[in-house]
Amino acid sequence: MNAADAVTDALRELHTRYAGLRDGRLADYIPQLALADPGAFGLALVSMDGHRYSTGDADLPFTVQSVSKPFVYALALSLLGLDEVCRWVGAEPSGEAFNAISLEPDTGRPANAMVNAGAIVTTALVPDTRDAPRFDRILGFLGRFAGRRLDVDEQVYASEALTGDRNRALAYLVRSAGPLPVDPVAAVETYFRQCAVRVTALDLAAMAATLANGGVNPLTGDAVVPEPVAAHVLAVMATCGMYDVSGDWLLRVGLPAKSGVSGGLIAAGPARFGLATYSPLLDPAGTSVRGHLAIDALSERFGLHLMHNPALAASTVTMVTTADDLPAAPAGERERAHHERVAVVAAQGALDFTAAERVLYALDESGPQETAAVVLDLRPVTDIDTVARAMLRSGLDRLTAGGRRVAVADPAGRLVEEGDEAGAARRFASREEAVDWCASGRAG
Ligand code: DON
């Protein structure tokens, strides 16, 4: 049994557990959606390595509906930037149903991009040019998230276009209050087409995984949106993605998510996975009943709640000692005397803010009184992000400015920035060379 089997087994078990459930109702205010098979049920998960797991009707096509909203929001954010998008649509949970008149009293700005009013404005923000018509941009963009070309279910589109007066009314209300930057009729027609894009649960899992993976599709390697955009979209999904049950969902399931009235539901585990379910029987909030139960159970079973104390990775700082205690330390008395004054701190793994804080603390604790020189051994470090690099460089600079002799064993050049060396610290390929340099400084 390997890890792959464990995930598939979990999906299958949930499928078996909830497949017999007949609670909930098909959406029928878009008549075509009422023709869905109430028994359909699929689950899919895509990992950050692009591993795909699925069970049940994970290949069955259905229309994306509101699950399109976070992705079109991502498109608007990528094209216009956060500040400009926020001028037109807010980021506050409305505490109301998806089709409510959630408009700020003063400005008429929709509460957020997940409720219909905000989604229509978001769609309207996507530029419409002769070379790149608005809907073509949206369709192409959704396809990049899914990792394949998508198309439109024309019957569902026509069905919503015939019956979607509430959304038209919302668009006119938004324009009457000021903020809608385009013709409400055009905005709503594009929004209806966007909702009628056909996907499968596996597509949605890949789309959610792309957001979880910092905007890079783990199946295709395509950098669909910049990492900050993915983070912003996940934040709005976490607070607003489940409409008036968003708070309860975050409390119990603990994952950014988005539901749709055709029965699709996505959840994203940042840096971990994208998850999607399809089952068209809905609860009164417009969320898939089986999907809700299955994702809740999966979160519980695998400890996926974002706010849970994460399992700590292996400790960052593996050693704080004096050079003299190292196995490779020379035995000679004269050298020993010098080496005793060299502290060595070793770090391992991937260094981020948290890890860098630990390393800096260990460097500080390595003893300003009796130890004048310090070596930071970064050889076992596998990765370092820009935040950790900047923190370590300035920490080492500060130690140097404080009168300590500082060297790093950093053959991979992880602290090197734009051809610059490791700041004020001297860089060496091995720990022994770094220790010797520090010790010889004391001697000289
Ligand atoms: O605008 C509508 O009413 C639909 N096209 C989409 C609504 C939706 O999916 C709400 N989600 N639960």
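The values are calculated or read from the model by the stated rules, or taken from the named source; none is laboratory data. Please read all numbers here as calculations on a predicted model, not as lab measurements. Cβ coordinates were reconstructed from backbone atoms using ideal geometry, including for glycine residues, and neighbour counts include every protein chain displayed.
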Considering residues that are modelled with pLDDT of 95 or more and either among the aromatic types (Phe, Trp, Tyr) or closer than 18 Å to residue 214 by Cα (or both), the number found within the range 242-268 is 8
If I filter the range 48-58 for residues that are more than 16 Å from the ligand (Cβ to nearest atom), loosely packed, with under 15 Cβ neighbours inside 10 Å and farther than 19 Å from residue 168 by Cα, do I get at least one hit? yes
Quick one: is residue 269 of a type outside the set (S, T, N, Q) and within 12 Å of the ligand (Cβ to nearest atom)? no
Under 6 Å between Cβ atoms, which residue pairs at least 6 apart in sequence (or on different chains) link something in the range 127-156 that is more than 24 Å from residue 202 (Cβ to Cβ) and assigned by TED's automatic domain parsing to the domain that holds residue 73 with a partner that is in a helix (DSSP H, G or I) and not β-branched (Val, Ile, Thr)? 128/134
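Here's the yes/no breakdown for (1) in contact (Cβ under 8 Å) with a residue 60 or more places away in the chain; (2) part of a helix (DSSP H, G or I); (3) within 15 Å of the ligand (Cβ to nearest atom):
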position	(1), (2), (3)
198	yes, no, yes
204	yes, yes, yes
209	yes, yes, no
218	yes, no, no
229	yes, yes, no
232	yes, yes, no
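Listed here are the residues, each with its yes/no results for (1) over 32 Å from the mean Cα position of the chain (by Cα); (2) at positive phi; (3) crowded, with 20+ Cβ neighbours inside 10 Å; (4) not assigned by TED's automatic domain parsing to the domain that holds residue 365.
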position	(1), (2), (3), (4)
377	no, no, yes, no
384	no, no, yes, no
394	no, no, no, no
401	yes, no, no, no
408	yes, no, yes, no
428	yes, no, yes, no
Enumeration of residues in the range 101-122 that are in a loop (DSSP other than H, G, I, E, B), within 11 Å of the ligand (Cβ to nearest atom) and not β-branched (Val, Ile, Thr): 114
Please identify the pairs in which a residue from the range 271-286 that is touching a residue at least 60 places away in the same chain (Cβ under 8 Å) and surrounded by fewer than 23 Cβ atoms within 10 Å (Cβ to Cβ) has its Cβ atom under 9 Å from the Cβ atom of a residue that is β-branched (Val, Ile, Thr) and not in a loop (DSSP other than H, G, I, E, B), counting only partners at least 6 apart or on another chain. 281/289; 283/245; 283/289; 285/245
Identify all residues within the range 160-181 that are away from the ligand (no atom under 16 Å from the Cβ) and either hydroxyl-bearing (Ser, Thr, Tyr) or without any contact (Cβ under 8 Å) to a residue 24 or more places away in the chain (or both); write none if there are none. 175, 176
Kindly indicate whether residue 29 is within 30 Å of residue 181 (Cα to Cα), not in a helix (DSSP H, G or I) and not hydrophobic (A, V, I, L, M, F, W, C). yes
Of the listed residues (96, 92, 84), the one being surrounded by fewer than 24 Cβ atoms within 10 Å (Cβ to Cβ) and over 23 Å from residue 214 (Cα atoms) is 96
Sole exception among (1) modelled with pLDDT under 95; (2) in contact with a strand residue (DSSP E or B) (Cβ under 9 Å, 6 or more places away or on another chain); (3) closer than 20 Å to residue 208 by Cβ for residue 3, by number: (2)
Pairs returned, first residue in the range 95-109 that is in the same structural domain as residue 243 (by TED's automatic domain parsing), second residue that is within 13 Å of the ligand (Cβ to nearest atom) and of a type in the set (Lys, Arg), beta-carbon separation under 7 angstrom, 6 or more apart or interchain, are 99/166
Confirm whether residue 236 is assigned to a helix (DSSP H, G or I) and surrounded by 23 or more Cβ atoms within 10 Å (Cβ to Cβ). yes
Which of the residues that make up the range 286-308 are touching a Phe, Trp or Tyr at 6+ places or on another chain (Cβ under 6 Å) and within 12 Å of the ligand (Cβ to nearest atom)? 286
Hey, residue 241 buried (at least 24 other Cβ atoms within 10 Å of the Cβ), assigned by TED's automatic domain parsing to the domain that holds residue 192, within 15 Å of the ligand (Cβ to nearest atom) and at negative phi or not: yes
